[in-house]
Amino acid sequence: MRKLLIKGGRLIDPDTRTDEHLDLLIVDGVVAERAPELTPDDDTRVIEAAGAIVTPGLVDMHVHLREPGREDEETIESGSRAAAHGGVTAVAAMPNTEPAIDTASWVEFVRNRESQIMVYPIAAITKDRAGETLTEMAELAAAGAVAFSDDGSPVVNPSIMRRALEYSTMVGLPIISHCEELGLSGRGVMHEGLASTMAGLRPIPAAAEEIAVARDIILAKMTGANLHIAHVSTEGSVELVRRAKDDGIAVTCETCPHYFTLTDDDVRSYDTHLKVNPPLRSASDLAAIKVGLADGTIDAISSDHAPHSLEEKQVEFDAAPPGMTGLETLLPLTLTQLVQPGTITLERAVELMSTDPASILRIPHGSLAVGAPADVTVFDPDWAWEITEDWFVSKSKNSPFTGRKVRGRVTHTVSRGEVVFEETDLNEGDARDEGEREPDVLSVHV
């Protein structure tokens, strides 16, 4: 019998509406008991969590793990270590790999790879993600896919998207839409506005996203399907989703930390780590994203973890591939940019990064109820530190947040009752209490 006791922490679990100091006992990978004071047996491992927050394990519903095809950038195994390092115990892996995850055998390949955490495959909507022929959704669902998406590319043909939405209702899984009108985005590389004019870079208007969001919401209403909109970045998109929800349409959406942390003005540095798709938007868009997170319009915060090699990013801005790593900075950026300024509460942050994405994907995560699988994130909310390049565990280091000072850091990650990451010097309490600590050498336990 395997026993783990997380003791003395503030347990925040939106699923059971819990926010109090409770000990958490885990037995054989399942939450066994929650109480103010639990006494461990001699054979129980104890994690002292005084001063820390204990939450359901984070769920990142939008990551790119690059396997198969680009194992030089990331693998499922290395991505899972990066996830554990960031307090993430479940990820949904996008299918824009080489080849695409568009058959049952490729879905099973992803599910069966070595991983420290739970990796859920998202299958392609169309074969080869070419936007022309639907995949065998029932077969993919039976193999273990949790959603369908051509992410990285939009489904251009509205008739194909309509049929995909209709098909998805028969298998009971959501369609995740990459909303981009290619006729407007074209060869653009940054948000259209004053900053793009001053930078002399080809622009992408907000309308390129918003037109596609509006189209897919209309199709979701028409078909009655569950539509999830990926990486929402504009004020107009937030308002379209808000109205759709008010109309009772089954639509959910996510955003990413870079859309509530950075703006198009930052791109004037020409740092290719800032090139993402959709692009970083204006200050007014950023403000609207924050409002949408606070009022419930936006349902999830995902990382859109997109690792690229150093060589790919060390080129002209126009030539660089879009994307940045994000699994390891998901939590500290959310705490620093949203929770600490008072934009959202800690409980709301846990909903956005755990409970709600698990609900959207219908996977058994996001709860610390007795009997639930024991996926747990423990973090110190007051730990002030600076992100450094050598701190990252991911195979790729393409983050624009290197050198940024943040507050909040993961100390332990527990997946199915096993400690898969722990901070090596958690007990240096004096430094933590002062709110200033140097980044440490980290230990990931395989």
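All of the numbers you see were taken from the coordinates with simple rules; none came from a lab. The structure presented is a predicted model; accordingly, all values stated were derived computationally and were not measured. A quick note on method: Cβ atoms are made from the backbone with ideal geometry, for glycine too, and the neighbour counts reach across all protein chains shown.
Each principal axis of the stretch 55-144 carries a Cα extent, and these read 40, 29, 20 Å when sorted largest first. Between Asp43 and Glu386, the modelled label-to-label distance comes to 4.8 nm, taking each label 7 Å out from Cα in the direction of the beta carbon. Just check the stretch 275-323 against the gyration tensor rule for me: Cα atoms, a ≥ b ≥ c as the square roots of the eigenvalues, rounded for a/c under 1.5, and otherwise prolate or oblate depending on whether a/b exceeds b/c. Taking the square roots of the gyration eigenvalues as a ≥ b ≥ c, the stretch 275-323 is oblate.
Summarised as an ellipsoid, the stretch 106-264 has semi-axes of 28, 19, 15 Å, derived from the eigenvalues of the Cα gyration tensor scaled by 5 and square-rooted, with the largest first.
Straightening the chain between Val291 and Asp265 buys 7.3 nm, computed as 0.36 nm per residue apart minus the Cα-Cα spacing. Averaging the Cα positions of each part gives two centres, and for the stretch 236-292 and the stretch 125-164 these lie 24 Å apart. Taking Cα centre as origin and charging only the Cβ of basic (Lys, Arg, +1) and acidic (Asp, Glu, -1) residues, the dipole magnitude of the chain rounds to 1080 debye.
Near Arg162, once Lys and Arg are set to +1 and Asp and Glu to -1 for all other residues with Cβ below 15 Å from its Cβ, the sum equals -1. In the chain, helices alone account for a calculated mean residue ellipticity at 222 nm of -7500 deg cm²/dmol, with every DSSP H run of four or more residues adding -39,500 (n - 2.57).
All other residues whose Cβ lies under 9 angstrom from that of Thr413 are scored, Lys and Arg at +1 and Asp and Glu at -1, for a net of -2.
Temperature 10 °C, viscosity 1.306 mPa s: under these conditions the Stokes-Einstein estimate for the chain, based on its Kirkwood radius over C-alpha pairs, is 73 µm² per second.
The label-point distance for Glu71 and Thr424, in a model that sets each label 7 Å from Cα toward Cβ, rounds to 2.8 nm.
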